[in-house]
Amino acid sequence: MAVMSFITVSLLFALGLFTVLSQRNVFKTVIGLTLMESAVLLLLISWAYIPGGSAPILPLQGKGVDPLPHSFTLTAIVIGACDIALAFAFIMKLHRFERSVNVDDFRRLKG
Amino acid sequence: MIPLLRFLGGISIFAGVFFSFAAVVAILRFPDVYTRLHGGTKALSGGAILILLGAMPYAGGVAGALKLFLIAVFFLVSNPMASHAIARACHRRTLANRPIDEKRRDDV
Amino acid sequence: MSEHLLAFLYFFILLTAFVAIFLDDLLSSFISLSVTGVLMATVFALLRAPDVALTQAIINSGLVTSLFLVAYSRTQRTPPPAGECVECPFWLRWPGAALVSALFAAVLFRGLYVFSGERIPGSTSAHYLSQTLEETGALNVVAAILLDYRAFDTLGETTVIFTAVFGISLLLSGGKYVHSGHGLSFIVKRGMALLTPFILLYAASILFLGHLTPGGGFQGGSVFATAAILICVVYGTNFEAARISPKSKETFEAGGAVLFVFIGLLGIAWGGGFLANLSGPFSAGTPGSLFSGGNMLLLNLAVGMKVGAGLSSIFYTMIKILELEDDSWPS
């Protein structure tokens, strides 16, 4: 169970990293960032799970799962959404100046 | 009473799965926007609503079943609206009878 | 919980992520990414994290996709100059990237494998699970951690939201929009009018019952923002700006922050420290009733105001730019 989650997390993070490294479209870069963020969220939540545990809503039936990573994840999701919105604003602004969403066309950023 | 309801619920879930499968086949096989939309809406108005109604006897109590029923009613209201909006937008842009085979490529 | 179901969902998460990366059509790849988000929400619900599942379903697969649609339609109106990079073509680029990410995945899995044994929750978590009812009076442990034990973190997070809104407004400001769309057809407008009260009621129930059931300020505020976005799309931007003006959104957002800090200072005035709950002026109430859990109801309201107003004004700022004529775009 845990090993399965860890394999998925590793592959998902590697897919996101591969996207950021290889693709040249900035929208694809945003997709890669989203995938890496999802991998981290999945890692936290699957780490918090205890076999046979119940949701952390009182009164508990049996033992509960770990509630601390849940609150971290909640924070991370909202901040991630704000990050992505800011990235989209930057993309719109860049497209205004460069008429392109391809990283290779942003020549002026090179030194 | 409850076993009978659960049996009927199982039949309903099975019908919903069939509807969803038919929608997938329709989206893959139909040629243009309108027919694909016609097929695609079946996934929600046929599939999801039947599955929700079928899950009602398993929800454990009247309150849970009522919640599922309310979700089904929400789908019943919102899904025709959404597909109507899509169809109208396609009609406006005169995409309607053009087959979707030509591949649109973005700058990747 | 069935492990087979979990394996199935993991497989489809990886599959949709793969499709999202390698599709040429950006629109399809973002729809595929939103499917990944929905599957992740299902996995979270299976792993007994209902709060996180709710947030993931609303924000990551709803709001982010709508923001993408705005940015996409803005950047595709003028076709970009086509051309592969000459210095570094794709076939030269991807083996290196694949090698690096494969190595990274291997190292990451090797590092994580150490933790795959029996999992024993730490003493902090055990304390939260056993003492929440006495120390805060709330039933939802995650909400108690967010708004009582670690409320200062939540204050910092709302500051992050404010900074994002500020940055986006700064980047895209400067233009008064000239015209807005007339919205969608009559049928959709009437249907939306029928549904809006229920959406708002649902949002309010998520927001105000956050200390008893899964939900809270973040989720309720996001549903409020979703309602504002739907009104924006269905009735046109001008209608939305006339009903809920951008000024009043700013007021709501600032009001949320001020309310949060004011509750915190109230704790200091009572001699309990910043954001003190039961040691401050608040009482626990009857567990399970609406007015329980001390200041948690008010803090949920503050966070909800902040998140709802912030996300809806982000969307409004972006779609306002979309409806401008191309020449009058602010630079």
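Toward the positive end of the charge dipole of chain C, about the Cα centre and with charges on Cβ (Lys, Arg +1; Asp, Glu -1), which of C:108, C:202, C:61 goes farthest? Going by the charge dipole, the pick is C:202. Mean per-residue shielding of peptide C:240-251 is 0, counting Cβ atoms of other chains within 10 Å of each Cβ.
Around the amide H of residue A:64, modelled in the peptide plane, lie the amide H atoms of A:54, all under 5 Å away and 5 or more residues distant in sequence or on another chain.
Rounded if a/c is under 1.5, else prolate if a/b is larger than b/c, else oblate: which is the stretch A:2-109, with a ≥ b ≥ c the root eigenvalues of its Cα gyration tensor? Judged from the Cα gyration tensor, the stretch A:2-109 comes out oblate (a/c at least 1.5, b/c at or above a/b).
Please label the shape of the protein assembly as shown as rounded, prolate or oblate, based on the square roots a ≥ b ≥ c of the eigenvalues of the alpha-carbon gyration tensor (a/c under 1.5 means rounded; beyond that, a/b larger than b/c means prolate, else oblate). Rounded. Take every Cα pair under 8 Å whose residues are at least 6 apart in sequence, average their separation, divide by the length of the stretch B:2-92, and the relative contact order is 32 percent. Listed values for the stretch B:74-88 are Karplus-derived 3J(HN,Hα) couplings in whole Hz (6.51 cos²θ - 1.76 cosθ + 1.60, θ = phi - 60°), namely 4, 4, 4, 7, 7, 5, x, 4, 5, 5, 4, 5, 5, 5, 5, and x replaces Gly and Pro. Where the centre of each part is set by its Cα atoms, how far does the stretch C:89-121 sit from the stretch B:22-85, in angstrom? The distance from the Cα centre of the stretch C:89-121 to that of the stretch B:22-85 comes to 39 Å. Each part reduced to its alpha carbon centroid, the stretch C:210-249 and the stretch C:24-43 end up 23 Å apart. Buried surface between chains A and C: roughly 8100 Å² of accessible area, summed over both sides, computed with a 1.4 Å probe on protein heavy atoms only. Charge dipole of chain C (Cα centre as origin; +1 on each Lys and Arg Cβ, -1 on each Asp and Glu Cβ, all else neutral): 440 debye, rounded to the nearest 20.
Of the GluC sites (Glu not before Pro) found in the stretch C:100-205, those that fall in a DSSP loop while having at most 16 other beta-carbon atoms within 10 Å are C:118. Peptide C:210-220 has a mean shielding of 2, counted as Cβ atoms of other protein chains within 10 Å of each residue's Cβ.
Inter-part distance, the stretch A:1-65 to the stretch A:71-104, computed on C-alpha centroids, equals 20 Å. Mean per-residue shielding of peptide C:185-196 is 3, counting Cβ atoms of other chains within 10 Å of each Cβ. Buried accessible surface for the C/B chain pair comes to about 1300 Å², total over both chains, computed with a 1.4 Å probe. Over chain C, Cα pairs under 8 Å with separation of 6+ residues give a relative contact order of 20 percent. Once a ≥ b ≥ c are taken as the square roots of the eigenvalues of the Cα gyration tensor of chain B, is the result rounded (a/c under 1.5), prolate (a/b larger than b/c) or oblate (a/b not larger than b/c)? Prolate is the answer for chain B, as a/c is 1.5 or above and a/b outweighs b/c.
In a reduced charge model with +1 at each Lys and Arg Cβ and -1 at each Asp and Glu Cβ, the stretch C:137-331 shows a dipole moment near 400 debye about its Cα centre.
Rolling a 1.4 Å probe over the protein heavy atoms of the protein assembly as shown, with every protein chain left in place, gives an accessible area that is 72 percent carbon and sulfur. Listed values for the stretch C:152-169 are Karplus-derived 3J(HN,Hα) couplings in whole Hz (6.51 cos²θ - 1.76 cosθ + 1.60, θ = phi - 60°), namely 5, 4, 5, 4, x, 5, 5, 5, 4, 4, 4, 5, 5, 4, 4, x, 5, 5, and x replaces Gly and Pro. Rounded to the nearest 20 debye, the dipole magnitude of the stretch A:2-109 is 360 debye, with +1 charges on Lys and Arg beta carbons, -1 on Asp and Glu beta carbons, and the Cα centre as origin.
Put +1 on the Cβ of every Lys and Arg and -1 on every Asp and Glu Cβ in the stretch B:2-92; which of B:91, B:71, B:2 then has its Cα farthest towards the positive end of the dipole? Comparing the listed Cα positions along the dipole, B:91 ranks first. What relative contact order, as a whole-number percentage, does chain A give when Cα pairs under 8 Å and 6 or more residues apart are counted? RCO, chain A: 24 percent. Separation of the alpha carbons by more than 31 angstrom is noted, of A:93/B:42; B:42/C:247; B:67/C:320; A:93/C:306; B:42/C:306, for A:93/B:42; B:42/C:247; B:67/C:320; B:42/C:306.
Think of a 1.4 Å ball rolled over the protein heavy atoms: the protein assembly as shown then has 47 Å² of accessible area per residue. Between the listed residues A:61, A:33, A:86, the Cα displaced farthest toward the positive end of the dipole of the stretch A:2-109, a dipole computed from Cβ unit charges relative to the Cα centre, is found at A:86.
Model label points for residue C:106 and residue C:268, set 7 angstrom from Cα along the Cα-to-Cβ axis, are 5.4 nm apart.
The values are calculated or read from the model by the stated rules, or taken from the named source; none is laboratory data. Remember, it's a predicted structure, so these values are computed and weren't measured experimentally. Cβ coordinates were reconstructed from backbone atoms using ideal geometry, including for glycine residues, and neighbour counts include every protein chain displayed. The area values use the complete protein model at the heavy-atom level, side chains included, leaving out ligands, DNA and RNA. Shrake-Rupley method; radii C 1.70, N 1.55, O 1.52, S 1.80 Å.
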